[in-house]
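First comes the structure, then the notes that go with it.
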Amino acid sequence: MIVAIVGSIHMDFYIRLPKLPVPGETVLGHGFTMLPGGKGANQAVACSRLGAYTYMVGRVGNDIFGEKLIENFRKNNVDTKYIEVDKTTHTGIAFILLDEKTGENMITVAPGADYNVSAKDVDNAMDAISRSDILLLQLEIPIDTVVYAAKRAWEKGVRVILNPAPAASLPDEIYRYIHVLTPNRVEASLLTNINIESREDAVKAGKLLIDKGVDYVIITLGAEGSMVISKDFVRHIPAYKVEVVDTTGAGDAFNAALAVSLAEGKDIVEACRIANAAAALQITKLGAQSGLPTREELEEFLRKHRQ
Ligand code: ADP
């Protein structure tokens, strides 16, 4: 299986604090961690761990963080041939302040090179994209680039999965290029103006998105699992019961496992069940990438938890 990702690559800086600061206040923290992140990068590492040949298409800045992030991809066997080193700006950065007591956080992002990922980068990577079974996209790069990548892949008959995160509205044109759209509750509400509180609401929202031209919609519902909606059927796939440590990256693990399973030829319902399992494994560990399961871990988990 081959998966291509056009998306974001970040370095995340975490500081743990006894309380979050208010404007003008300085609070001394208890620890600092620097970890690779960005939805595009997380999903690429996840696909590779699950056994797909994975191409990452994106940009880093000409700085030490960019170097570290490319090294991280190499360690995880992600093909970095289509990652540009952008000399005009810095690597995408996120500052994450974590309140040790309440678990609340404050996050700021400086997208830097991520916002320079362009149609030209997509053109340069078309060899890889055309060869892929699946193109996996998110919304942390310019929307025009996302639409362009989806269109070029669709024209080549490559199935496109769009994880519309972080929540943002989409141009009408993009829906027809999408094989599977995977919003969470908040994202689906934003895309449809339907407040999603129940499974019935999710079905209503899903049908509306199908009418816009998508083949399948999967709305992820956190601990409630996910809903698969198509023109012909609706299926609820329950979540796996696990001990939650950190829900960061649940969506990334989910989308990667979905992409790899579809690339392997699994049907959409089976792929969604496997994606639920990958997400469940991810949330039993801390951090966006450290908990992403390998293929062996996922298969072992699926054997133990036959639904
Ligand atoms: P996101 O992380 O993108 O906001 P969700 O919260 O909907 O998305 O989670 C994505 C998937 O992760 C869910 O469909 C489910 O399979 C899994 N998941 C999330 N939270 C839990 C949980 N508490 N227990 C088990 N699985 C979960």
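Among the residues in region 287-307, are any among the hydroxyl-bearing types (S, T, Y), part of a helix (DSSP H, G or I), modelled with pLDDT of 95 or more and under 22 Å from V3 (Cβ atoms)? No, there is no match, as no residue in region 287-307 is among the hydroxyl-bearing types (S, T, Y), part of a helix (DSSP H, G or I), modelled with pLDDT of 95 or more and under 22 Å from V3 (Cβ atoms).
In region 56-78, of all residues being under 13 Å from G38 (Cβ atoms) and surrounded by fewer than 21 Cβ atoms within 10 Å (Cβ to Cβ), the one that is farthest from the chain's Cα centre (by Cα) corresponds to K68.
For the condition within 30 Å of R16 (Cα to Cα) and within 15 Å of the chain's Cα centre (by Cα), what is the one hit in D252, D246?
Working: D246 fails: within 15 Å of the chain's Cα centre (by Cα).
The match here is D252.
The number of residues in region 232-275 being within 13 Å of the ligand (Cβ to nearest atom), of a type in the set (A, V, I, L, M, F, W, C) and either modelled with pLDDT of 95 or more or part of a helix (DSSP H, G or I) (or both) comes to 12. Based on this model, can you work out whether V214 counts as aliphatic (A, V, I, L, M), assigned to a loop (DSSP other than H, G, I, E, B) and at pLDDT below 95? Considered against the rule, which asks whether it is aliphatic (A, V, I, L, M), assigned to a loop (DSSP other than H, G, I, E, B) and at pLDDT below 95, V214 comes out as no.
The values are calculated or read from the model by the stated rules, or taken from the named source; none is laboratory data. None of the values given here were measured: they were computed from a predicted structure. Note: ideal-geometry Cβ built from the backbone for every residue, glycine included; neighbour counts use all protein chains shown.
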